[in-house]
Amino acid sequence: MTEAQATPQTGKRVLLAKPRGYCAGVDRAVQTVEEALKLYGAPIYVRKQIVHNKHVVQTLESQGAIFVEENEEVPEGATVIFSAHGVAPEVYEQAKQRSLKAIDATCPLVTKVHQEAKRFAAEDYDILLIGHEGHEEVIGTAGEAPAHIQLVDGPDGADKITVRDPEKVVWLSQTTLSVDETLETVARLKQRLPLLQSPPSDDICYATSNRQHVVKEIAPECDVVIVVGSTNSSNSVRLVEVALDAGARAGHLIDFAHEIDDAWLADARTVGVTSGASVPEDLVADVLTYLATRGFGDVEEITTANERLTFSLPQELKRDMKAAAARR
Ligand code: SF4
């Protein structure tokens, strides 16, 4: 934690959460598109938003990426990148049938959950996948073993599931859920299924839990918490909920600084600022600049963890980059 800064002029301050913003999986996915554009040239097709952030998607579009919903929209033989959220096996199969050159930017921590799903399905477990219905990551994970997986969408969803053998059930989860709500869902499931097994390691990823942890630290002191992130970003939406649950008087999700409503700041002395795992730091810098013009120029960064994790680029891309370098 940095030393608190005095705020003699206005008494107003910003508590800036750290860690915030880009996680290792997002960084890798964005770099994958950038490097593919450099290596193969535009256009590069990307199935679904590479990460759930409006600004990132717009920036990559301006560089020559074309975002599509399904493989059918990609011309035969073209290059397609699969997003950080992961895809079901049938999506690889469709790409093969259309002779697409597929590059998989699925976050390795999502791939880990896919592997768990495959392993438990092979052992004939019933798998209770805690996650949000319709989210791309959940669709991808469930696609690994549709006959074995049931979705549990929040604590109330726990009451609806039925299993074949209560002694052979495991829960897994989406990587970007609320840690506390997931624990509540698991507790509800265990009331009905006392022998429910847990995943071999946490499925909610380090980036999601670290961002929630620091928000919980700052929220009780904040009149308002501003979370930079897009509305379709699960982990960003969760940060607003976590801030409110932890005592922030108000919480707002914005994509850009110009979306801040001055009414939010009218009676505020302390504003918390953080950003979701798919948000580039320059968007946070814009928010701090805006807040400074409204008297919130004193910024104290509150650090609860230092993240050093990085992931290497997808193998198929690295191989082509190496071959291109060797030809030069
Ligand atoms: S939020 Fe977690 S699972 Fe998702 S891309 Fe980032 S590190 Fe990977």
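The values are calculated or read from the model by the stated rules, or taken from the named source; none is laboratory data. Treat the numbers as computed from the prediction; the structure is a model and nothing was measured. No Cβ is skipped: glycine too gets one built from the backbone with ideal geometry, and neighbour counts run over all protein chains shown. Note: accessible area is taken over every heavy atom of the protein model, side chains too, but ligands, DNA and RNA are not part of it. Shrake-Rupley method; radii C 1.70, N 1.55, O 1.52, S 1.80 Å.
For beta carbons closer than 8 Å, sequence separation of 6+ or different chains, a first residue in the range 105-120 that is within 9 Å of the ligand (Cβ to nearest atom) and a second that is aromatic (Phe, Trp, Tyr), the qualifying pairs are Thr106/Phe82; Cys107/Phe311; Pro108/Phe311; Leu109/Tyr206.
I'd like to check something: does the range 30-37 contain any residue that is in a loop (DSSP other than H, G, I, E, B), within 13 Å of the ligand (Cβ to nearest atom) and hydroxyl-bearing (Ser, Thr, Tyr)? Don't jump to the end; show me each part of the working.
At the first step, the residues of the range 30-37 found to be in a loop (DSSP other than H, G, I, E, B) are none.
Within the range 30-37 (the criterion being in a loop (DSSP other than H, G, I, E, B), within 13 Å of the ligand (Cβ to nearest atom) and hydroxyl-bearing (Ser, Thr, Tyr)), the answer is no, since none of the residues qualifies.
Evaluation of Leu129 against the conditions (1) of a type outside the set (Val, Ile, Thr); (2) touching a Leu at 6+ places or on another chain (Cβ under 8 Å); (3) open to solvent by 30 Å² or more (accessible area, probe 1.4 Å) shows that the sole unmet condition is (3).
Residues in the range 206-228 that are within 11 Å of the ligand (Cβ to nearest atom) and in contact (Cβ under 8 Å) with a residue 60 or more places away in the chain: 5 in all. When Asp203 is tested against (1) open to solvent by less than 10 Å² (accessible area, probe 1.4 Å); (2) assigned to a helix (DSSP H, G or I); (3) in contact (Cβ under 8 Å) with a residue 40 or more places away in the chain; (4) in contact with a Ser or Thr (Cβ under 9 Å, 6 or more places away or on another chain), just one condition goes unmet, and that condition is (2).
Report whether or not Thr231 is without any contact (Cβ under 8 Å) to a residue 60 or more places away in the chain, closer than 25 Å to Ser83 by Cβ and open to solvent by 70 Å² or more (accessible area, probe 1.4 Å). Spelling it out, Thr231 is indeed without any contact (Cβ under 8 Å) to a residue 60 or more places away in the chain, closer than 25 Å to Ser83 by Cβ and open to solvent by 70 Å² or more (accessible area, probe 1.4 Å). Among helices (runs of 4 or more DSSP H) entirely within the range 216-306, having at least 3 residues that are among the acidic types (Asp, Glu) and at pLDDT 95 or above singles out 281-293.
Quick check on the range 55-81: of everything there that is of a type in the set (Asp, Glu) and closer than 28 Å to Ser275 by Cβ, which residue is surrounded by the fewest Cβ atoms within 10 Å (Cβ to Cβ)? If you could, list the steps in order and put the result at the bottom.
Looking only at the range 55-81, we keep the residues that are of a type in the set (Asp, Glu), and these are 61, 69-70, 72-73, 76.
Imposing the further condition that a residue be closer than 28 Å to Ser275 by Cβ reduces the set to 61, 69.
On the way: Glu61: 13, Glu69: 9.
Restricting to residues being of a type in the set (Asp, Glu) and closer than 28 Å to Ser275 by Cβ, the top hit is Glu69.
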